Amino acid sequence: MRITEHPILTFEKKAKLQFVFDGNEVYGYEGDTIASALHAMGVKKLSHSIHLKRPRGFYCAIGNCASCNMIVDEKPNVRTCVTLLKEGMVVKTQLNKGDLYD
Amino acid sequence: MINKDLVIIGGGPAGLSAAKLAAESGLSSLIVERDFKLGGQLVKQTHMFFGSEKQYAKTRGIDIAKILVDDVLKYPEMVEVMTDTTVVGLYEDKVITLLHNDEYIKVQSKAIIIATGASEKVLAFPNNDLPGIYGAGAVQTLMNVNGVLPGNDVVMVGSGNIGLIVSYQLMQAGVNVKCVIEASSSIGGYKVHASKLKRLGVDILTSHSVKRANGTEALESIVISKLDENWDYIEGTEKTIEVDSLCISVGLSPLSSLLSMIGVDMKYVSSLGGLVPYIDSHHETSVKDVYVAGDVCGVEEASSAIVEGYLTGLIVASSLGFKHENYDELYRDFKAQLENLRSGPFGEKTREGLQEIARNHDVK
């Protein structure tokens, strides 16, 4: 859900950015973080706790709490609340503590 | 190894203000910021500030952010900015290691100002990790920066100024705020903010807290309960509220982990938000040439962080041989502004807290 009308702020429609989320072609807008683009689509579950695999969403939005960590372009533990969305990104929900990557 | 005179960690109100005064004094600096933009938490604050004109009263936080960032960008030769950069190591010889674009960078600095700010606290209750439960400031970012709503129905936990202001801003964005709950027996924030909410028909329930959250993949409802004078739940007063979002606004704690890393003497001071460094009147920590400014040395308003930044930038520049031509006048002015911001009953806890971490110059 995106804000369309606001008494103080204006949110102009920006360029659409296509990306892949868990295998599906989806889109957000320029200026979105990965987390905000997913949130706008109604996706709140971004990650899982390492041991009990409990669903986790973002909490702090300042890149501090690690509860929004996802796999972005094969790289695990990306803080999606402070990472800008880019065209063509491949974003996956993370299920473990992350695997080594090249 | 890159050599710098001054590295400022954190590009929020304190860090930006410090860079400005250092530049005005003739000292170059490098600002390191882990977000992709400068401005810290001001970038989401759509409300107007209180205080005096010197701290931009009657100006919205989002506009103050622009002013502070522009002030620094005026000195492109003096102030270098690295965004998307996280400090991963800090050592007593003032070597700083940075992570930027998967690259590991080493910097040797003569002086360091740590202005990392604070993070929102969490509240302990069953299922408090469900998606849909956020820090109030995080929701403010989502709404006011990204233009995305957290959900349809929200309950705010905590009636301090952040809780009250963000509740109002949620309503401005079109979200239904079902109520604000407050564990204490009285409202924590300014009356003017509370009255605004009450006029809009939002109940502020004092002596109430969250007992548990329910939901499988995301938050579906919460159970709130009345509290007795010892803040224990009163049996039989539970009430279930259907919500898809819960905002937690129960205070902030200083982001002081980098200070612990270099062995700065610290103390837990609850009125300042948590673990904070001992500092002298020049904002210098127990490690020589390592200074602090803003919420990292005690959680206050952004206005105080701005003035602390100015003061610390001025002092650090002077200690490295770049004394501002109006040093004495500015020093007195900044000190007086801080004293003024901390005066009155709302500043009492801060005043007491700061006394607990005051270092005498002679100790060093």
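The values are calculated or read from the model by the stated rules, or taken from the named source; none is laboratory data. None of these values were measured; they are calculated from a predicted model. Counting neighbours? That spans all protein chains shown, and the Cβs are built from the backbone with ideal geometry, glycine included.
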Among the numbered criteria (1) crowded, with 21+ Cβ neighbours inside 10 Å; (2) over 18 Å from B:ALA138 (Cα atoms), which single criterion is violated by B:SER260? (1)
Considering every residue within the stretch B:122-143, establish whether at least one is more than 14 Å from chain A (Cβ to nearest Cβ), among the aliphatic types (A, V, I, L, M) and either over 23 Å from A:VAL82 (Cβ atoms) or outside any strand (DSSP E or B) (or both). no
Would you please name the residue that is surrounded by the fewest Cβ atoms within 10 Å (Cβ to Cβ), looking only at residues in the stretch A:76-91 that are in a loop (DSSP other than H, G, I, E, B) and away from every other protein chain (no Cβ under 11 Å)? A:GLY88
Restricting attention to the stretch B:314-352, which residues are without any contact (Cβ under 8 Å) to a residue 40 or more places away in the chain, over 30 Å from B:GLY251 (Cα atoms) and outside any helix (DSSP H, G or I)? B:GLY321, B:GLU325, B:ASN326
Specify the residue that is nearest to the other protein chains (Cβ to nearest Cβ); the eligible residues are those in the stretch A:51-75 that are surrounded by fewer than 17 Cβ atoms within 10 Å (Cβ to Cβ) and farther than 21 Å from B:TYR134 by Cα. A:LYS75
Report the residue count in the stretch B:226-284 for those that are in contact with an Asp or Glu (Cβ under 9 Å, 6 or more places away or on another chain), part of a loop (DSSP other than H, G, I, E, B) and more than 30 Å from B:ILE357 (Cβ to Cβ). 3
A:GLN94 being more than 12 Å from chain B (Cβ to nearest Cβ) and either buried (at least 19 other Cβ atoms within 10 Å of the Cβ) or within 12 Å of the chain's Cα centre (by Cα) (or both): yes
Confirm whether B:SER207 is in the same structural domain as B:ILE96 (by TED's automatic domain parsing), among the polar types (S, T, N, Q) and touching a Leu at 6+ places or on another chain (Cβ under 7 Å). no
From the list B:LYS198, B:LYS121, B:LYS106, B:LYS178, which one is more than 30 Å from B:THR237 (Cβ to Cβ) and either among the basic types (Lys, Arg) or in contact with a His (Cβ under 8 Å, 6 or more places away or on another chain) (or both)? B:LYS106
Could you run through the stretch B:285-308 and say how many residues are within 15 Å of B:ALA14 (Cβ to Cβ) and over 18 Å from the mean Cα position of the chain (by Cα)? 2
State which residue is surrounded by the most Cβ atoms within 10 Å (Cβ to Cβ) when the search covers only the stretch A:11-40 and only residues that are assigned to a loop (DSSP other than H, G, I, E, B), of a type outside the set (Phe, Trp, Tyr) and at the interface with another protein chain (Cβ under 9 Å from one of its Cβ atoms). A:ASP32
Can you tell me which residue within the stretch B:144-194, out of those that are within 15 Å of B:HIS47 (Cα to Cα) and among the hydroxyl-bearing types (Ser, Thr, Tyr), is surrounded by the most Cβ atoms within 10 Å (Cβ to Cβ)? B:SER167
For the stretch B:73-121: of the residues being small (Gly, Ala, Ser) and part of a loop (DSSP other than H, G, I, E, B), which is farthest from B:THR312 (Cα to Cα)? B:GLY117
Residue check, B:SER52 surrounded by fewer than 21 Cβ atoms within 10 Å (Cβ to Cβ) and at pLDDT 90 or above: no
